Amino acid sequence: ELITRFLHAKRGAATTYSIYGMGDATGISGGTAGYPGVYYKDPTATAWTDGVAMAGGALANNVFALYKDSLYGWQNGNSLWRVSGLASSLSVTDALLSQAYTNVAQPVHHKADDYLYIFYDNFVRRLTDATTVSGVLLTLPDNLKIMGGGNFGNYLLIVASPLTNATGNSTIF
C-alpha cells in the first residue's frame, strides 16, 4: 500500500478507535493502481487491513476528511467520494458530488455550526449532514484558488492564492 494521508477516528458510537489511511488502491482486492483506497488498522496492530477501493478515477491525495462518521476525498478531477460504515463494514459512494475541479483543498469541520466546508478551485460548498451537499455558498474571484481554511471563532477562515504564480498576493478571507 502507498498511504498518503491518515486519520485517527472513533468507530461510530463505539469507544474504540482505528487509524484510517487513504492512498493507492492497488493493495485492495479489486482496486486499481492510481485510484483511491481506504485502509484501516487498530492502533496496536502492525498490519493494515484492506478497506475499500473507489472506482471513479485518479486519487486527489491532498484531501482526506472525517465528518459525521464518514470519510471524504476527491477523485478523477470530477467527484467527491464518501466512505461510510466506520462502525461496521466500510462502503463507498464514488460520486457524492459530481463536480469538475482543478484544485482542491482540505475541508474544514466548523465547530460553530457543525458543517463540513468543502473547497475546490474558487468555490465553497458545505455538507449539512453525511450525504447532503449544498449548492455553491461562496465564489471567490476567478483569478484565485482556495488553498485551505480553518475555524476562527464563529468565522470560517479561507486562504486563497493566485492561480498563476507571481501574479498577485495570497489573501485570507
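The values are calculated or read from the model by the stated rules, or taken from the named source; none is laboratory data. Owing to the predicted nature of the structure, the values given are computational and were not obtained by experimental measurement. Note that each Cβ is placed from the backbone with ideal geometry, even for glycine, and that neighbours are counted across all protein chains shown. To get the accessible areas, we keep the full protein, side chains included, count just its heavy atoms, and leave off ligands, DNA and RNA. Shrake-Rupley method; radii C 1.70, N 1.55, O 1.52, S 1.80 Å.
Accessible area per residue of the chain at 1.4 Å probe, in Å²?
Result: 49 Å² per residue.
Note down the nm distance, to one decimal, between modelled labels 7 Å out along Cα→Cβ at S98 and at F6.
3.7
Round to a whole number: what % of the accessible area of the chain belongs to carbon and sulfur, probe 1.4 Å?
50
Rounded to the nearest 20 Debye, what is the dipole magnitude of region 1-152 about its Cα centre when Lys and Arg each give +1 and Asp and Glu each give -1 at the C-beta?
Details: 10 positive and 11 negative charges, 46 e Å.
Using only the charged Cβ atoms, the result is roughly 220 debye.
At a probe radius of 1.4 Å, what is the per-residue accessible area of T32, in Å² to the nearest 10?
In the full protein context, T32 sits at about 60 Å².
Is region 31-102 best put as rounded, prolate or oblate by its Cα gyration tensor, with a ≥ b ≥ c the root eigenvalues, rounded for a/c under 1.5, and otherwise prolate when a/b is larger than b/c, oblate when not?
Verdict is prolate for region 31-102.
Let a ≥ b ≥ c be the square roots of the eigenvalues of the Cα gyration tensor of region 1-123; is it rounded (a/c under 1.5), or, if not, prolate (a/b larger than b/c) or oblate?
Judged from the Cα gyration tensor, region 1-123 comes out oblate (a/c at least 1.5, b/c at or above a/b).
Based on the Cβ-Cβ distance of A47 and N151, what FRET efficiency does E = 1/(1 + (r/R0)^6) give at R0 = 41 Å, to the nearest 0.05?
0.70
With the Cα gyration tensor of region 54-144 giving a ≥ b ≥ c as the square roots of its eigenvalues, does the rule (a/c under 1.5 for rounded; else a/b larger than b/c for prolate; else oblate) give rounded, prolate or oblate?
Here region 54-144 falls in the oblate category.
Positive end of the charge dipole of the chain (Lys, Arg +1 and Asp, Glu -1 on Cβ, about the Cα centre): tell me which of P141, W74, T93 has its Cα farthest that way.
Going by the Cα projections, it comes out as P141.
Once you've got the GNM for the chain with C-alpha springs shorter than 10 Å, pick whichever of T44, T131, T26 has the biggest mean-square fluctuation.
Maximum fluctuation in the GNM of the chain, among the listed residues, is at T44.
Does anything in region 39-70 have its amide N under 15 Å from the 7 Å Cα→Cβ label point of S88, and if so which residues?
Flagged as within label range: 70.
Quick one: of K68/K111; K10/K41; K41/K68, which pairs are farther than 18 Å apart, Cα to Cα?
Values: K68/K111 12 Å; K10/K41 12 Å; K41/K68 20 Å.
Cα-Cα > 18 Å for K41/K68; rest within.
So how far, in whole Å, is the C-alpha centre of region 91-105 from the one of region 109-160?
15
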